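To start, the structure under review is shown below, and the notes come after it.
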Amino acid sequence: MTTSTRRGPGRPSLTERRREDTRTEVSGAAARLFTERGYDATTVEDIAAASGMALRTFYRYFRAKEETIAPLFAAGIRDWVQRLAEADPDLGLVDALLAAYRGSVRHSRASAGIDDGQLRALLRMVESHGALRAVWLNVYRDTEDQLRPAIAARCGRDPDDLDVQLAAGTANTAVRIAMERWAAGEASARSADDAVARALKSVATGGLLAP
């Protein structure tokens, strides 16, 4: 008699998880090479060699070298959303978003094996290379769809509710801009966490949009 293991709805298969793990490992290797050698000086062959895989195996996971940074950022986003869903229900939405983000940034940096200096250098490359910039923006564009259900659940609202959509879009944009300003060397931001905290608190209080 044989038994089968059935996956729950939305749960990735073992093959899918292994594929995503491999993509994340390659992403970390690429990020380290980009920050050590520079984006232009790093080749696909370099990334494949650093990842311990053949070139044709590399192309099973990525179409071009700029795409290698996507899993690094996307893994951080997934972790952010998961931590938000698990955050203390007594926390206000902004505090929950910030606490979740702080945890996810530390986790994604540790998983990729990069430090603050390397992350900052990588984000500066994103600003100066159009191909990397497109990947960065695509990751953040997808983030709103992931944030909406988590925010809706915390607030007891529908994910398609206008206020939920605006909250997801605003928080997402605030975090992206904060990270970009931190990477550019904003003097008032002591750390990435500090930059994100200031941005989220600014939008929470209305900023220039306040009546």
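Could you pull out the residue among GLY130, GLY103 that is of a type outside the set (Val, Ile, Thr) and over 15 Å from VAL175 (Cβ atoms)?
Values: GLY103 fails: over 15 Å from VAL175 (Cβ atoms).
Result: GLY130 is the single residue among GLY130, GLY103 that is of a type outside the set (Val, Ile, Thr) and over 15 Å from VAL175 (Cβ atoms).
So ALA134 passes all but one of these: (1) of a type outside the set (Val, Ile, Thr); (2) under 17 Å from ALA192 (Cα atoms); (3) within 16 Å of the chain's Cα centre (by Cα). Which condition number does it fail?
Against the list (1) of a type outside the set (Val, Ile, Thr); (2) under 17 Å from ALA192 (Cα atoms); (3) within 16 Å of the chain's Cα centre (by Cα), ALA134 comes up short only on (2).
Just need a number here: residues in region 156-169 that are surrounded by fewer than 18 Cβ atoms within 10 Å (Cβ to Cβ) and under 18 Å from the mean Cα position of the chain (by Cα).
Number satisfying all stated conditions: 1.
Looking at ARG83, ARG109, which is the one that is in a helix (DSSP H, G or I), without any contact (Cβ under 8 Å) to a residue 40 or more places away in the chain, within 30 Å of ARG157 (Cβ to Cβ) and basic (Lys, Arg)?
Values: ARG109 fails: within 30 Å of ARG157 (Cβ to Cβ).
When all the criteria are applied, what remains is ARG83.
Any idea how many residues of region 91-126 are charged (D, E, K, R) and modelled with pLDDT of 90 or more? Even if it seems obvious, please write down each step before you answer.
So the first thing to find is which residues in region 91-126 are charged (D, E, K, R), and the list is 95, 102, 106, 109, 115-116, 120, 124.
Right, trim to modelled with pLDDT of 90 or more and you get 95, 124.
Final tally of qualifying residues: 2.
The values are calculated or read from the model by the stated rules, or taken from the named source; none is laboratory data. All figures in this text were calculated on a predicted structure; none of them were measured in a lab. Cβ coordinates were reconstructed from backbone atoms using ideal geometry, including for glycine residues, and neighbour counts include every protein chain displayed.
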